[in-house]
Amino acid sequence: MSTVRTSAVRTSTARTNSARPGHNAGLRHVLTHLITPLLMCIGMGFAYLGAFANPAPHHLPVAIVGSSRSAQLLAQSINDKAGGDLEVRTVGDRSAAVDQLRRQEIFGAYVIDARGGQGAHGGHGTHGGYGTNGALGGVGSSRGAGSSHGAGSSTGAAGADEAAVGSAKPAPELLVATAGSDTSASVVQKIFTPIAAQQGAPLKVTDVVPPAEDDPTGQGIFFLLVAISIGSYASVAVIGGAGAVLPLRLRAALAIGTSFVVSLIGTAFAGPVFHLVGHGLWGLWGMAWLYSAGILLIGTGLHTFLKRWTTLGVMALFVMLNFTSSGGIFRPEMQNGFFAALHSFWNGAGFVEGTRSHVYFDGYGLSRHLWTLALWLAVGLLTVGVAALSEKRRRTAEAEVVANAAAVAAAAVAATVPEPAPRGTARSARTDGEVGAGDGGSAEDEMGDEMGDEAEAEEEMEEAVGV
């Protein structure tokens, strides 16, 4: 009984020992594949926190409306205090400021007195009711217009009228275009609200380019970008993985067809589903197709080289660097230099800014954004072309290896098969075989030996070809 138990223990131990190598290999396999999500975590953390964690203006262009000396002094004072965070200019009148907002040359315009009169400058006085310095530091003169005529003149009717005009509070107004960037408009408002408070008047905010009614923050275009991007780069994994057995030209055709479907889905979201835009859907669809096709073609081409790292590669290109530099949440003027530089040529920025230009800003600057999307599509076509050449060379090299292996196998077979004997020798051998049958030799045995040799030769050839 003890012998049986010992045998069972030994058998169990042997099975455990034999299972350990399999477990170790499986664990190594899992740990190797965990590298990809961990790298995604690190990349997303650096990208999103680096781009969005601490937004601050960097050379944000704004304007002071007015051509008087007080307007120029106010602009200069704000520039000095901003220390490079703002780029403050003066604009002659309100209509010129609106034009610059519609061209996205500035992101806010401060009208000192929207009434257009002289009350903001204190009537005919030298400094006015609040003064340039008063708007900034509260040190300006508070004298009315009548003060420049002396105390005695205030007893006359004309002096009283001028004093009344000088004592009237100005009506400051801030012009913004939230369709271009709601966050930039909010920052500009925070900058000029204290300045208006020093004038002793509430700040009136006028949105000259508002977004769609169903997209009050104007950020719906960014989230549309997210949806189109995910549909595009996720399709890359399917086309590259499940379609790896297909020729590259067929995979490229699938990529273009998929981009067509993804762009239609995105257009449906923007129009009839969520009403993010009120017009220009065909133009939006065209930009969505250019954007999606560029991603799919680049990803399909990269799969030839990156293999299982393709997902990480396209996520780095079209999520980590793309979403953060698109300008959908913060414009480049609110980001550091790295993401601001990417904004000038990355495809996500081309789609977001192109859609804004097409829908809200009368197509101003649209051609540049279309060229950005077209260049990314060209990069995708070039990537597919390079991948096609690489796969062709690889197939040629594999065919050469197989041909060389077959030649080696054939040579090995030829070396193992004996040369045919002369006829006389063969006849003599047969006679000797017949005579010496009693010694154990027979024709059937010889035939069996030959068949066995042929089988061994075929097996050797198969192994050589397989190698």
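The values are calculated or read from the model by the stated rules, or taken from the named source; none is laboratory data. Because the structure is predicted, anything quoted here is derived from the model rather than measured. Positions of Cβ are backbone-derived with ideal geometry, glycine not excepted, and every protein chain shown enters the neighbour counts. These area figures cover heavy atoms from the full protein model, side chains too; ligands, DNA and RNA do not enter into them. Shrake-Rupley method; radii C 1.70, N 1.55, O 1.52, S 1.80 Å.
Just checking, which of 112, 78 is crowded, with 22+ Cβ neighbours inside 10 Å and β-branched (Val, Ile, Thr)? Break it down into steps so the answer makes sense when it comes.
Working: 78 fails: crowded, with 22+ Cβ neighbours inside 10 Å.
None of the others qualify; the one that does is 112.
Only a single item in (1) touching a residue at least 60 places away in the same chain (Cβ under 8 Å); (2) open to solvent by less than 20 Å² (accessible area, probe 1.4 Å); (3) more than 16 Å from residue 275 (Cβ to Cβ); (4) of a type outside the set (Asp, Glu) is not met by residue 235, and it is number (2). If only residues of segment 60-113 that are among the β-branched types (Val, Ile, Thr) and in a helix (DSSP H, G or I) are counted, the one that is modelled with the highest pLDDT is 98. Inspection of segment 222-230 identifies no residue that is touching a residue at least 12 places away in the same chain (Cβ under 8 Å) and more than 17 Å from residue 267 (Cα to Cα). In the set 290, 296, 284, only one residue is at pLDDT 95 or above, closer than 28 Å to residue 45 by Cβ and assigned to a helix (DSSP H, G or I); that residue is 296. Contact map, segment 264-289: residues that are in contact (Cβ under 8 Å) with a residue 60 or more places away in the chain paired with residues that are acidic (Asp, Glu), Cβ distance under 7 Å, separation 6+ or inter-chain. Pairs shown: 274/214; 275/214; 276/214; 276/215.
Residues of segment 262-281 that are open to solvent by 40 Å² or more (accessible area, probe 1.4 Å) and either in contact with a strand residue (DSSP E or B) (Cβ under 9 Å, 6 or more places away or on another chain) or in a loop (DSSP other than H, G, I, E, B) (or both): 274, 275, 278, 279. Annotation note: Cβ proximity below 6 Å between a residue of segment 188-213 that is within 17 Å of residue 65 (Cα to Cα) and open to solvent by less than 20 Å² (accessible area, probe 1.4 Å) and a residue that is part of a helix (DSSP H, G or I) and modelled with pLDDT under 95 (sequence gap 6+ or interchain) occurs for 195/135; 199/135.
Matching residues to (1) farther than 20 Å from residue 383 by Cα; (2) at pLDDT 95 or above; (3) open to solvent by 60 Å² or more (accessible area, probe 1.4 Å):
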| residue | (1), (2), (3) |
| --- | --- |
| 222 | yes, yes, no |
| 225 | yes, yes, no |
| 229 | no, yes, no |
| 240 | no, no, no |
| 251 | no, yes, no |
| 255 | no, yes, no |
| 260 | no, yes, yes |
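Going through segment 337-368 one residue at a time, which ones are among the small types (Gly, Ala, Ser) and in a helix (DSSP H, G or I)?
First pass over segment 337-368, keeping only residues among the small types (Gly, Ala, Ser): 337, 340-341, 344, 348-350, 354, 357, 363, 365, 367.
Once the filter is applied, which keeps residues that are among the small types (Gly, Ala, Ser) and in a helix (DSSP H, G or I), segment 337-368 yields 337, 340, 341, 348, 349, 350, 354, 357, 367.
Give me a count of the residues in segment 342-370 that are open to solvent by 40 Å² or more (accessible area, probe 1.4 Å) and without any contact (Cβ under 8 Å) to a residue 12 or more places away in the chain. Qualifying residue count, segment 342-370: 2.
When you go through 265, 228 one by one, which is the residue that is under 14 Å from residue 285 (Cβ atoms) and within 18 Å of the chain's Cα centre (by Cα)?
Answer to the check: 228.
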